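Peer 1: Sharing a structure here in structure tokens format.
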Amino acid sequence: MVVLFLETVEQVNRLVETGITVNGMFEPVMPLTQPATKITLSNVPPFISDDFLTRELSRHGKVVSPIRKVSAEANPQLDSPLTPQELYAALQSMQGRKAPGIDGLTVEFYKVFWDILAGDILDVFNESLVAGSLALSSRRAIITLLPKKGNLQDIKNWRPVSLLCTDYKILSKVLANRLRGVMEQILMFWRSPVH
């Protein structure tokens, strides 16, 4: 069984037109009624019962409340605009000879043409971070199956892989590098001594 999260009824209809059987209900996703940093009873779509929501929020609070937060001193490091140096370091740390994403642009392509592309990519990434959304082309992936060892007639000997666009990988690596610098102060809370 494959589970798909589709944004519109038109997308469901397009699947049906191609001969794919759609089982189950299609419920459109309702946006929050107001921007918020916390889920509250006032900004949840009306089809969720109050009892269920109250129970889940209570359970969620018990799990999340002991989690340490990033210090105020570390926040600027995470929130500041990306720099050309961060992007370049991320790109240089990436291995080549990997399958590209849907745009067909490889790590090698970015390395060869970096001096031409760097400024535009930096602008797009910083605008995306301010807007809170990446371009659709950066968020798309090709999902394919790669063979493992063994009888290839057996589905267990195949593994799915998502081929992501290189620009997405560059941004992900930059953000991971930034997080790496502050994770130690957060993870110390969760570590236990090894015996």
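Peer 1: From the phi of every residue in region 75-82, what ³J(HN,Hα) in whole Hz does the Karplus formula 6.51 cos²θ - 1.76 cosθ + 1.60 yield, where θ is phi - 60° and glycine or proline is x?
Peer 2: 4, x, 4, 7, 8, 5, x, 5
Peer 1: Net charge near Asn177, counting Lys/Arg +1 and Asp/Glu -1 over other residues with Cβ under 13 Å of its Cβ?
Peer 2: +3
Peer 1: Output ³J(HN,Hα) for region 124-134: one whole-Hz value per residue in order, computed from phi by the Karplus curve 6.51 cos²θ - 1.76 cosθ + 1.60 with θ = phi - 60°, and x for Gly and Pro.
Peer 2: Couplings: 4, 4, 5, 5, 5, 5, 5, 6, x, 7, 8 Hz.
Peer 1: Using 19 Å as the Cα-Cα cut-off, could you pick out the over-long pairs in Lys148/Lys169; Lys111/Lys169; Lys98/Lys173; Lys98/Lys148; Lys111/Lys173?
Peer 2: Lys148/Lys169
Peer 1: A further question on this structure: Using a 7 Å offset from the Cα along the Cα-to-Cβ direction at both Glu184 and Leu145, what is the distance between the two label points in nm, to one decimal?
Peer 2: My value for the distance between the label points is 4.5 nm.
Peer 1: Check which residues have an amide H placed less than 5 Å from Leu163's amide H, if you skip close sequence neighbours.
Peer 2: Ile142, Ile143, Thr144
Peer 1: Order the peptides 79-92, 164-177 from the highest to the lowest mean number of other Cβ atoms within 10 Å of their residues.
Peer 2: Going from most to least packed, we get 164-177, 79-92.
Peer 1: What number do you get for region 74-176 when its Cα radius of gyration is normalised by 2.2 N^0.38 Å, N = residues?
Peer 2: Against the compact-globule rule of thumb, the ratio is 1.27.
Peer 1: If you don't mind, there's one more thing I want to ask. Taking amide hydrogens as modeled 1.01 Å from N in the peptide plane, which residues meet the under 5 Å criterion relative to Lys98, leaving out close sequence neighbours?
Peer 2: HN-HN under 5 Å from Lys98: Val107.
Peer 1: Mind checking the dipole of region 78-187: about its Cα centre, +1 per Lys or Arg Cβ, -1 per Asp or Glu Cβ, Debye to the nearest 20?
Peer 2: It comes to approximately 780 debye.
Peer 1: Can you list residues from other chains, or at least 5 along the same chain, whose modelled amide H is less than 5 Å from the amide H of Leu82?
Peer 2: none
Peer 1: Provide the net charge surrounding Val107, with neighbours chosen by a C-beta distance below 9 Å and charges set as Lys +1, Arg +1, Asp -1, Glu -1.
Peer 2: +3
Every read-out reported here was derived from the displayed coordinates using simple, explicitly stated rules and does not represent laboratory data. All of these numbers come straight from a predicted model, not from anything done at the bench. Methodologically, a virtual Cβ is constructed for each residue, glycine included, from the backbone with ideal geometry; neighbour enumeration extends over all protein chains shown.
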